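Note sheet for the following structure.
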Amino acid sequence: MNGQHPAPEVVIAHLSDTHLLAGGALLGGLVDTEAHLRETAERLRVAAHDADAIVVSGDVTDLGEPEAYALAREILDPVAAELGAPIVWTAGNHDERPAMRAALGLRGDPLAPLDHVVDLGRLRVVALDSSLPGWHHGGFDEGQAAWLEAALADAPELGTVLVMHHPPLPYRSSLMRLLEFRDEARLAAVVEGAGVRAILSGHLHVGGSGTFAGIPVVLAGATSYADDLGGPPPAMHGIDAAQSFNLVEVYADAIAHTAVPALPHPSRESIPAHLAEELAAMEPEVRAERFSRKRP
C-alpha cells in the first residue's frame with residue numbers, strides 16, 4: 001500500500017452514450033461509434049483490469065436497432081468475461097425497450113421499464129430506466145418509484161449505487177434543459193436516507209459531477225462524441241474528440257471517480273516502468289523518502 005487508503009472494495013467501469021448504429025453506419029455521417037467503442041474496450045482491459053462491474057448508462061444505440069445492440073454485446077461481452085465483471089445496462093432516450101431487452105437478454109415484458117438490480121458482494125447496483133417512450137426528456141412513474149423503494153431496502157453494508165441515464169442535475173446547456181430529468185421531487189422522496197452512495201449518469205456527453213438530495217452525481221463522458229460547451233451559442237457543438245469513461249472506486253467511507261481517455265493517443269512514460277518497479281520493491285519508509293522527498 002503506497003498511501004493511507006487500502007484498495008477499493010468495489011471498482012466500477014462506467015461508460016455511457018455509445019450510440020451504436022447497425023451496418024457500419026457513421027453517426028451523423030461523420031463519427032465511427034463502433035470503432036470508438038472497440039478502442040474503448042481495449043483501453044478498459046488495462047485501465048479497468050480490477051473492475052467488478054461494467055456499467056453502461058444508456059444510449060447504447062442511436063436508433064434502437066437490434067443489430068446495434070448485438071454489436072454492443074459483441075464488443076463488450078469478451079472484456080466483461082476477461083474481467084469476470086457483469087455488465088449493467090441502462091436505457092437512455094435513444095434506446096428502444098423491446099429491442100434492447102431482447103438483444104441484451106434482459107428479462108421482463110418487452111415494453112416495461114428496464115429496471116433491474118445487480119449485487120456486487122457488499123455493494124448493490126440499481127439500474128433505473130429514466131427513458132420515456134416517445135420522448136427524449138427523462139422521468140419515471142409511480143410504479144417505478146415503488147419498485148425503486150423496494151430495490152433500495154435492506155441494502156448491503158456498502159450501500160447502493162444508482163444508475164440512470166438522465167442526471168438529476170441542472171444542465172449547463174440551456175438547450176439540453178429541454179431534455180432534463182423531470183421527476184426530481186419524486187426521486188428525492190425515494191432516495192433520501194436510503195443509503196444511495198452515488199448516482200451514475202450520462203446523457204450530456206460531458207464529464208461532470210454534482211449533488212442531488214445530498215448524493216454525489218457523476219457523469220461519464222460519452223464514448224461516441226463529446227459536446228463542446230466552449231462553442232458559440234445558441235448552437236450546440238459536437239466534437240469527435242475528448243471521449244472518456246470513468247472508473248468509480250467504492251470504499252467503506254468514501255467514493256472516488258476518475259475520468260479516463262477512451263481512445264488511443266500519443267503518450268510518454270512520465271514515470272518510467274523501471275522506476276515504478278524499483279519503488280514497488282522498496283520498504284514503505286524508503287519508498288516515501290525516494291519518491292516524495294523534494295530534492296534541493
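The values are calculated or read from the model by the stated rules, or taken from the named source; none is laboratory data. The shown structure was predicted, so the numbers you read here are calculated from the model rather than taken from an experiment. Every residue, glycine among them, receives a Cβ derived from its backbone with ideal geometry; neighbour counts consider all protein chains shown. The accessibility values were calculated without ligands, DNA or RNA, using every heavy atom of the protein model including side chains. Shrake-Rupley method; radii C 1.70, N 1.55, O 1.52, S 1.80 Å.
At-a-glance table
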{"item": "Within the chain, percent of DSSP bridges classed antiparallel, to nearest 5", "result": "55"}
{"item": "Spin-label pair Gln4/Thr258, simplified geometry with 7 Å Cα→Cβ offset, distance in nm", "result": "1.9"}
{"item": "Diffusion constant of the chain at 25 °C, which comes from Stokes-Einstein with the Kirkwood Cα-pair radius and 0.890 mPa s, µm²/s", "result": "122"}
{"item": "Under 9 Å, Cβ to Cβ, from Leu263 - net charge with Lys/Arg +1 and Asp/Glu -1", "result": "0"}
{"item": "Sulfur and carbon atoms: percent of accessible area, the chain [1.4 Å]", "result": "55"}
{"item": "Placed amide H near Gly238: partners under 5 Å, 5+ positions off or other chain", "result": "Asp228"}
{"item": "5 angstrom amide H check on Val163, placed H, neighbours 5+ away", "result": "Val126, Ala127, Leu128, Leu200"}
{"item": "Net charge over other residues, Cβ less than 14 angstrom from the Cβ of Gly207 (K, R count +1; D, E count -1)", "result": "-2"}
{"item": "Distribution of pairwise C-alpha distances over segment 144-189, 5 Å bins, in %", "result": "5, 17, 25, 20, 15, 10, 6, 2, 0"}
{"item": "Computed label-point distance, nm, for sites Arg290 and Ala273 using a 7 Å Cα→Cβ extension", "result": "1.8"}
{"item": "Global form of segment 167-260, assessed from the alpha-carbon gyration tensor, a/c cut-off 1.5", "result": "oblate"}
{"item": "Per residue accessible area in Å² of segment 161-296, where ligands, DNA and RNA are left out and the probe is 1.4 Å", "result": "55"}
{"item": "Nearest-20 debye value, the chain charge dipole, Cβ charges on Lys, Arg, Asp, Glu", "result": "700"}
{"item": "Two-site FRET efficiency, Leu26 against Glu184, from Cβ-Cβ distance with R₀ of 25 Å, rounded to 0.05", "result": "0.10"}
{"item": "Two-site FRET efficiency, Met236 against Val46, from Cβ-Cβ distance with R₀ of 30 Å, rounded to 0.05", "result": "0.40"}
{"item": "For the chain, with +1 on Lys and Arg beta carbons and -1 on Asp and Glu, the positive-most of Trp147, Gly238, Thr33 along the dipole", "result": "Gly238"}
{"item": "Inter-part distance where segment 275-296 and segment 35-108 are each reduced to a Cα centre, Å", "result": "40"}
{"item": "Largest-first ordering by accessible area, 1.4 Å probe, given options Met100, Met282", "result": "Met282, Met100"}
{"item": "Rounded if a/c under 1.5, otherwise prolate or oblate - segment 208-285, Cα gyration tensor axes", "result": "oblate"}
